[in-house]
Structures are given as structure tokens and as C-alpha cells.
Amino acid sequence: RSERLNSHGRFAYWHVSCPECGEVGESLGCNLQIGQRPCACSPMRQQECYINWLIDDHNNAVGIKFGIANNSKQRIKRQNTKSVYFVRQYQVYTFPSVASCKQAERDCKKELECGVVLKRDMPDGWTETTWSYNIGKVKSIYERNGGVLV
């Protein structure tokens, strides 16, 4: 058990050694109970940003999807199951830290016109869509935040 207190002043944190990746982290007991881990195996430890094309039935690019992922190949598979568009990977950038990766996505959402496709057409990630002509700006934002093209 960790000496760290939660917001209610209780000892609710635990030190955890992950048997898969070997990292040691600290986590709330309730998060451990639902299977969340405080290590590199956690789905919230994204260090990849991607740019994907959104292709319609006539093979036209209607926009781009940007975002963050632990595994961009798995992410695109999930997006394709829930979208009326064909989602095709264009580029992936890796980042030196989770924080810089998440900041790159936040900057894209702040600086670009987003949500250009309907939620009903792409319920998983429609808010991180923008016009195709913004592709250079997305790349610039990724690089400004330390992203390196894979």
C-alpha cells in the first residue's frame, strides 16, 4: 500500500508491479479492480498520433481523422467498424512522452475547424475530424509538440 492519500484523506493507492511490461506504478485500488494499470500497458498511455484519410463510397477523401493511440493499427480497425467511411492510415508520429502526445491532439482541436463529419456517420472520433486541406497544419502541430514521423 502506498502512503499517498486520496481526495478524502484515505490510503487508497497501491504500488503495482506489472507482470507484462515490468513497470512499477501507483494506482487507486478502485482502478485496479476494474483492470486499469498504471504502466505502459495502460490504454491511457498513448504516444502515437495518427492522421487517417476518410474515404467515401466513391473513393473521394471527405476529410481527415487525427488522434492519439497506443496502437494506431488497432485504432484504425475499431474506427472502420463504426464508420460509414473507409478509414485509411496516412501517417503516424511517435512522441517522447504521453503529455506531449496529448498536447498535440489538444492543439489540433483548438487550432483547427473540427467535427466536420456527422456523429451518426462516425460515432467513434467524429470530433477529431477536419478538412483535408488542414493536413499540413496537423503535421506542423505534431512536429511542434515533438512528434517524429514513423
- Message: Considering only the stretch 113-124, I want to know if a residue exists there that is without any contact (Cβ under 8 Å) to a residue 40 or more places away in the chain and either under 15 Å from Val92 (Cβ atoms) or assigned to a helix (DSSP H, G or I) (or both).
- Response: no
- Task: For the stretch 1-112, please list each of the strands (runs of 3 or more DSSP E) lying entirely inside it that holds at least 2 residues being within 21 Å of Gly136 (Cβ to Cβ) and open to solvent by 20 Å² or more (accessible area, probe 1.4 Å).
- Result: 48-55, 61-69, 86-94
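Within the stretch 125-150, take every residue that is in a loop (DSSP other than H, G, I, E, B) and either among the aliphatic types (A, V, I, L, M) or over 11 Å from Phe66 (Cα atoms) (or both) and give me the one that is least open to solvent (accessible area, probe 1.4 Å).
First pass over the stretch 125-150, keeping only residues in a loop (DSSP other than H, G, I, E, B): 125, 131, 145-147, 150.
Next cut, either among the aliphatic types (A, V, I, L, M) or over 11 Å from Phe66 (Cα atoms) (or both) only: 145-147, 150.
Working: Asn145: 31, Gly146: 31, Gly147: 10, Val150: 121 Å².
The selected residue is Gly147.
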- Task: Hey, can you tell me all the residues within the stretch 67-94 that are touching a Cys at 6+ places or on another chain (Cβ under 6 Å) and at pLDDT 95 or above?
- Result: Tyr93
- Taking Val92 and the conditions (1) free of Cβ contacts under 8 Å to residues at least 40 places away in the same chain; (2) in contact with an Asp or Glu (Cβ under 6 Å, 6 or more places away or on another chain), which numbered condition does it fall short on, given that it satisfies the others? (1)
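The values are calculated or read from the model by the stated rules, or taken from the named source; none is laboratory data. The shown structure was predicted, so the numbers you read here are calculated from the model rather than taken from an experiment. Because the Cβ atoms are built from the backbone with ideal geometry, glycine has one as well, and the counts that use them run over all protein chains shown. We work out accessible area using only protein heavy atoms, side chains counted, and drop any ligands, DNA or RNA first. Shrake-Rupley method; radii C 1.70, N 1.55, O 1.52, S 1.80 Å.
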